[in-house]
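Everything below concerns the one structure shown next.
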Amino acid sequence: MSIDLYWIPLGAGGHCVRFNGRVFEAISAARERRPRRELFHAALVVGLDGERYAIELAPSPDGDERSRGVVATGAVGSSALSRLRLFRYEVRCWRSGRIPDLAYAVGGPRRLTDDPRHARRLLDAIVSVPTPVWGRDDLATGEMWNSNSMVAWVLATAGLPAQTLRPPAQGRAPGWDAGVAAARAQAATRAGSAAHACANASTASQSV
């Protein structure tokens, strides 16, 4: 029973993504007037009841989603383009699956917990993960939504302290705070709905 977090350098094993990431970071660093940092992509491996689940957000290569444990899909760049697979991403919770480039993870796996309750909550939560447009701030969190957002959201929703987790030294994980903010907003909405329902029930009982 475990949840392991991996920090994988963006574009590890592939030149195109690495180049695009460096361009993005160069622009971001210049705009924010700070030194450039290495960008990281987060992924999870969850162990529960003798099974191992690989969890990540990745491009959608083909229509055989069941074979990769896909639980949700979303648009990349624009919702209008999502009918084209090139502009679609998928959220995977892949039993006995694999995560490409896992061997490149800096520092290896980071064990977050051995508590089966958190592992079960995480697997239950991921089927309801938000799927806003990748690369945009459709949830108004102040940061774009991406693969790091999904991982941060699912950890926070499972009750783990996602807000305290950070990539390796001198690194950045764009989108992470968006996932934490989205999870907090949903939790607040649920709490408000529960309080409203409780208040209505109390009022109804008093009027009887």
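The values are calculated or read from the model by the stated rules, or taken from the named source; none is laboratory data. Only a predicted model underlies this, so the values are computations on that prediction, with no experimental measurement involved. Here the Cβ positions follow ideal geometry from the backbone for every residue, glycine too, while neighbour counts run over all protein chains shown.
In the set (1) touching a strand residue (DSSP E or B) at 6+ places or on another chain (Cβ under 9 Å); (2) in contact (Cβ under 8 Å) with a residue 12 or more places away in the chain; (3) surrounded by fewer than 18 Cβ atoms within 10 Å (Cβ to Cβ); (4) of a type outside the set (A, V, I, L, M), Trp134 fails one condition alone, (3).
Residues checked against (1) more than 18 Å from the chain's Cα centre (by Cα); (2) at pLDDT 95 or above:
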| position | (1), (2) |
| --- | --- |
| Val23 | yes, no |
| Ala43 | no, yes |
| Gly47 | no, yes |
| Arg98 | no, no |
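Against the condition of a type in the set (Phe, Trp, Tyr) and either within 21 Å of Pro9 (Cβ to Cβ) or surrounded by fewer than 17 Cβ atoms within 10 Å (Cβ to Cβ) (or both), how does Trp145 come out, does it pass? For Trp145, the condition - of a type in the set (Phe, Trp, Tyr) and either within 21 Å of Pro9 (Cβ to Cβ) or surrounded by fewer than 17 Cβ atoms within 10 Å (Cβ to Cβ) (or both) - is met.
For the stretch 122-131, taking the residues that are assigned to a helix (DSSP H, G or I) and of a type in the set (A, V, I, L, M, F, W, C), the one that is surrounded by the fewest Cβ atoms within 10 Å (Cβ to Cβ) is identified as Val127.
Checked against (1) at pLDDT 90 or above; (2) in contact with a strand residue (DSSP E or B) (Cβ under 8 Å, 6 or more places away or on another chain); (3) surrounded by fewer than 20 Cβ atoms within 10 Å (Cβ to Cβ), Met1 meets all criteria but (1). Of the strands (runs of 3 or more DSSP E) lying entirely inside the stretch 42-104, those containing at least 3 residues that are surrounded by 15 or more Cβ atoms within 10 Å (Cβ to Cβ), on the phi < 0 side of the Ramachandran plot and charged (D, E, K, R) span 88-95.
If I ask for residues that are assigned to a helix (DSSP H, G or I), surrounded by 14 or more Cβ atoms within 10 Å (Cβ to Cβ) and among the acidic types (Asp, Glu), which ones from the stretch 24-41 would you list? Within the stretch 24-41, Glu25 is the sole residue that qualifies.
In the stretch 105-121, what residues are in a helix (DSSP H, G or I) and not basic (Lys, Arg)? Please lay out each step first, then the result.
Applying the first criterion (in a helix (DSSP H, G or I)) to the stretch 105-121 yields 116-121.
Passing the criteria: Pro116, His118, Ala119.
Taken as a whole, the condition of being touching a residue at least 40 places away in the same chain (Cβ under 8 Å) and closer than 23 Å to Leu165 by Cβ does not apply to Val76.
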